[in-house]
Amino acid sequence: METLDEYLAKTKSAVRHLFDALDSYRSVLDNAHVPIFITSTLDEQTREQELRAWLKSHADAIQAAREAERKYFDESFALATICGALLQAADKAFECFSVHTAIPEDWSGVVNEHSACYCVGRTVRNVPLGLVVLAGRNQHMHFDDDKPRKLTATVFERLAIYHGGNTDPQLRDPAFDLRNDRLVSYAHNIVALLKWDSYDMYEVDLRRAIVPAG
């Protein structure tokens, strides 16, 4: 394959299947709508009585929501595996077809000449899209590595800090904090952050980011 167009055409059906798989896992949460107890009384005893009655009348819905959440989290690594494959497909597009060579000043010493081709695309939490893809792919593929590479660690450091206008290193987003021992793979979080909810959104991002030669 010599062009981005050809690569996207040859991988389109496979990547579409990956998005279909994501939708099938996420659909489990459609049943995870926990009903909300609302009361207007200020009397504690009356409120407790209302709550007990509410819990009894909504027991089936509450149980269904808990079972849906449990099923979803039981499949969380399977979901991450699908997202890891998606990031791998995107990563290969940058590696093979991006001709970008300039390294942004704030990435000097982190990005080398081999990874400069990833310094393209829209900015996501102060990180170029291509670098988010690269770091997300690397972390998933090497989730058992206690010492991630400098580029991967730096990307995740910025994703963890620069959220919602935050710049305080102490207020870290646990969804991207590599010190979070509750997460093994961050691939699903990366795909969600990129807002890749469909194949079309994925393709648009790649086409806008990757400027082919010629």
Being touching a residue at least 12 places away in the same chain (Cβ under 8 Å), touching an Asp or Glu at 6+ places or on another chain (Cβ under 8 Å) and either surrounded by fewer than 21 Cβ atoms within 10 Å (Cβ to Cβ) or assigned to a loop (DSSP other than H, G, I, E, B) (or both), is that true of even one residue in the stretch 196-211?
yes
Number of the condition not met by Leu151 [criteria: (1) modelled with pLDDT of 95 or more; (2) among the hydrophobic types (A, V, I, L, M, F, W, C); (3) assigned to a loop (DSSP other than H, G, I, E, B)]
(3)
Which residues, taken from the stretch 88-114, are more than 21 Å from Val204 (Cα to Cα), in contact with a helix residue (DSSP H, G or I) (Cβ under 6 Å, 6 or more places away or on another chain) and either charged (D, E, K, R) or touching a residue at least 24 places away in the same chain (Cβ under 8 Å) (or both)?
Val110
Could you list, in sequence order, the residues of the stretch 182-191 that are among the polar types (S, T, N, Q) and part of a loop (DSSP other than H, G, I, E, B)?
Ser185
I need every pair where a residue in the stretch 46-75 that is closer than 30 Å to Leu22 by Cβ and at pLDDT 65 or above has its Cβ under 8 Å from the Cβ of a residue that is in a helix (DSSP H, G or I) and of a type in the set (A, V, I, L, M, F, W, C), sequence separation at least 6 or different chains.
Ile62/Leu55; Glu75/Val28
Sort through Arg137, Arg172, Arg179, Arg158 and tell me the only one that's surrounded by 13 or more Cβ atoms within 10 Å (Cβ to Cβ), on the phi < 0 side of the Ramachandran plot, part of a loop (DSSP other than H, G, I, E, B) and not acidic (Asp, Glu).
Arg172
Here is a list: Ser98, Ser115. Which entry is surrounded by 13 or more Cβ atoms within 10 Å (Cβ to Cβ), within 18 Å of Arg208 (Cβ to Cβ) and of a type in the set (Ser, Thr, Tyr)?
Ser98
So is Tyr7 at pLDDT 90 or above, hydroxyl-bearing (Ser, Thr, Tyr), part of a helix (DSSP H, G or I) and out of contact with any Gly (no Cβ under 9 Å at 6 or more places or on another chain) or not?
yes
Mind listing whichever residues of the stretch 101-134 are in contact with a Phe, Trp or Tyr (Cβ under 8 Å, 6 or more places away or on another chain), over 17 Å from Ala160 (Cβ atoms) and not in a helix (DSSP H, G or I)?
Val111, Cys119, Val120
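The values are calculated or read from the model by the stated rules, or taken from the named source; none is laboratory data. Note that this is a predicted model, so its numbers are computed, not measured. With ideal geometry, Cβ positions are generated from the backbone for all residues, glycine too; neighbour counts draw on all protein chains shown.
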